[in-house]
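Reading through the structure tokens given below for one structure.
The values are calculated or read from the model by the stated rules, or taken from the named source; none is laboratory data. None of the values given here were measured: they were computed from a predicted structure. For neighbour counting, all protein chains shown are included, and Cβ atoms are generated from backbone atoms with ideal geometry for every residue, glycine included.
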Amino acid sequence: AQSVTQPDIHITVSEGASLELRCNYSYGATPYLFWYVQSPGQGLQLLLKYFSGDTLVQGIKGFEAEFKRSQSSFNLRKPSVHWSDAAEYFCAVGLAAGNKLTFGGGTRVLVKP
Amino acid sequence: DAGVTQSPTHLIKTRGQQVTLRCSPKSGHDTVSWYQQALGQGPQFIFQYYEEEERQRGNFPDRFSGHQFPNYSSELNVNALLLGDSALYLCASSLAGVSEAFFGQGTRLTVV
């Protein structure tokens, strides 16, 4: 069965500093990969997705992620965080677009002034 | 475009009662999925509906059932509520085999 691991439960970063969130997956084939962001009490907003092609994908809000097949990873990065980036971030995998998603446990990001 | 809409936003139920949650998909989408998100955890897949039929199901008991209507909207029903059913229930819609999932704001269910 597929699984997703986000090793970091909490990350605290200073405003303006860079951010990297880790995601590792276990899957029988190359999955469809996603990063979602969730503000407190809200639904999930898609930041970016990887289906195929270029392994470095750009998303909204200045985020990017890199797919590394050899490491079964799909890490999320942002060069300079803003206070509004404080939220919970979820990595998810699926067999196909629109297919059921398996989520990691999430990483909560706190931004210090 | 209204996106994915869910109702109600919040509700409180008593153990043993039944509850129905509703979801309207994003315009143009034909597939609806439901997820349960317990506090402090990632969402867990409950089931997915396409063409008014349950296409996939996660590891949830039969107390959880659903329905999809001809206009693609969907309902999630939970019978014999347990305290452990307290969670944020998220609906996601997509276009089968084509698009990624778009999520609604969720329904916060509290069972007392």
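Which residues, counting only those in segment A:19-46, are within 14 Å of another protein chain (Cβ to nearest Cβ), among the aliphatic types (A, V, I, L, M) and closer than 19 Å to residue A:9 by Cα?
A:21, A:37, A:44
Can you tell me which condition residue B:108 does not meet? The list is (1) at pLDDT 95 or above; (2) within 14 Å of chain A (Cβ to nearest Cβ); (3) within 14 Å of residue B:33 (Cβ to Cβ), and all the others hold.
Condition (3) is where residue B:108 drops out.
From the set of residues in segment B:87-112 that are in contact (Cβ under 8 Å) with a residue 40 or more places away in the chain and surrounded by fewer than 19 Cβ atoms within 10 Å (Cβ to Cβ), which is farthest from the chain's Cα centre (by Cα)?
Kept after step one, since they are in contact (Cβ under 8 Å) with a residue 40 or more places away in the chain, are these residues of segment B:87-112: B:87-96, B:99, B:101-112.
Checking the rest, the ones that are also surrounded by fewer than 19 Cβ atoms within 10 Å (Cβ to Cβ) come to B:95-96, B:99, B:105, B:108, B:110, B:112.
Numbers: B:95: 17, B:96: 17, B:99: 18, B:105: 11, B:108: 11, B:110: 15, B:112: 20 Å.
Result: B:112.
Using the structure shown, decide if residue B:99 is in contact with a Ser or Thr (Cβ under 8 Å, 6 or more places away or on another chain), at negative phi and not aliphatic (A, V, I, L, M). If you could, list the steps in order and put the result at the bottom.
Values: in contact with a Ser or Thr (Cβ under 8 Å, 6 or more places away or on another chain): no; at negative phi: yes; not aliphatic (A, V, I, L, M): yes.
It is false that residue B:99 is in contact with a Ser or Thr (Cβ under 8 Å, 6 or more places away or on another chain), at negative phi and not aliphatic (A, V, I, L, M).
Which residue, of A:103, A:74, is farther than 30 Å from residue B:10 by Cβ and in contact with a Phe, Trp or Tyr (Cβ under 9 Å, 6 or more places away or on another chain)?
A:74
Which one is farthest from the chain's Cα centre (by Cα), of the residues in segment A:24-70 that are of a type in the set (A, V, I, L, M, F, W, C) and closer than 13 Å to residue A:93 by Cα?
Restricting to residues being of a type in the set (A, V, I, L, M, F, W, C) and closer than 13 Å to residue A:93 by Cα, the top hit is A:29.
Quick one: which strands (runs of 3 or more DSSP E) sit completely within segment A:45-113 and have at least 3 residues that are of a type in the set (Val, Ile, Thr)? Walk me through how you get there before you give the answer.
On the way: elements: A:56-58, A:64-68, A:73-78, A:87-94, A:101-103, A:107-112.
It comes to A:107-112.
What residue, among those in segment B:33-44 that are at the interface with another protein chain (Cβ under 9 Å from one of its Cβ atoms) and out of contact with any strand residue (DSSP E or B) (no Cβ under 6 Å at 6 or more places or on another chain), is surrounded by the most Cβ atoms within 10 Å (Cβ to Cβ)? If you could, list the steps in order and put the result at the bottom.
Step one: of segment B:33-44, the residues at the interface with another protein chain (Cβ under 9 Å from one of its Cβ atoms) are B:33, B:35, B:37, B:40-44.
With the extra rule that they be out of contact with any strand residue (DSSP E or B) (no Cβ under 6 Å at 6 or more places or on another chain), the set shrinks to B:40-41.
Details: B:40: 10, B:41: 14.
Checking each candidate, the answer is B:41.
Yes/no matrix, rows are residues, columns are (1) surrounded by 12 or more Cβ atoms within 10 Å (Cβ to Cβ); (2) aliphatic (A, V, I, L, M):
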{"position": "A:4", "(1), (2)": "yes, yes"}
{"position": "A:7", "(1), (2)": "no, no"}
{"position": "A:17", "(1), (2)": "yes, yes"}
{"position": "A:20", "(1), (2)": "yes, no"}
{"position": "A:32", "(1), (2)": "yes, no"}
{"position": "A:36", "(1), (2)": "yes, no"}
{"position": "A:42", "(1), (2)": "yes, no"}
{"position": "A:54", "(1), (2)": "no, no"}
{"position": "A:65", "(1), (2)": "yes, yes"}
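Condition check ((1) closer than 15 Å to residue A:100 by Cβ; (2) in contact (Cβ under 8 Å) with a residue 40 or more places away in the chain; (3) in contact with a Leu (Cβ under 8 Å, 6 or more places away or on another chain)) across all residues:
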residue: B:11; (1), (2), (3): no, yes, yes
residue: B:20; (1), (2), (3): no, yes, yes
residue: B:24; (1), (2), (3): no, yes, no
residue: B:27; (1), (2), (3): no, no, no
residue: B:33; (1), (2), (3): yes, yes, yes
residue: B:45; (1), (2), (3): yes, no, yes
residue: B:70; (1), (2), (3): no, no, no
residue: B:73; (1), (2), (3): no, yes, no
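Failed condition for residue A:28, given (1) touching a strand residue (DSSP E or B) at 6+ places or on another chain (Cβ under 6 Å); (2) touching a residue at least 24 places away in the same chain (Cβ under 8 Å), with all others met?
Every listed condition holds for residue A:28 apart from (1).
Identify, by number, the condition in (1) away from chain B (no Cβ under 14 Å); (2) closer than 21 Å to residue A:8 by Cα; (3) aliphatic (A, V, I, L, M) that residue A:56 doesn't meet.
So the condition that residue A:56 fails would be (2).
Would it be correct to say that residue B:63 is facing chain A (nearest Cβ under 10 Å) and either closer than 13 Å to residue A:100 by Cβ or touching a Leu at 6+ places or on another chain (Cβ under 9 Å) (or both)? Explain how you work it out, then say what you get.
Numbers: facing chain A (nearest Cβ under 10 Å): no; either closer than 13 Å to residue A:100 by Cβ or touching a Leu at 6+ places or on another chain (Cβ under 9 Å) (or both): yes.
Spelling it out, it is not the case that residue B:63 is facing chain A (nearest Cβ under 10 Å) and either closer than 13 Å to residue A:100 by Cβ or touching a Leu at 6+ places or on another chain (Cβ under 9 Å) (or both).
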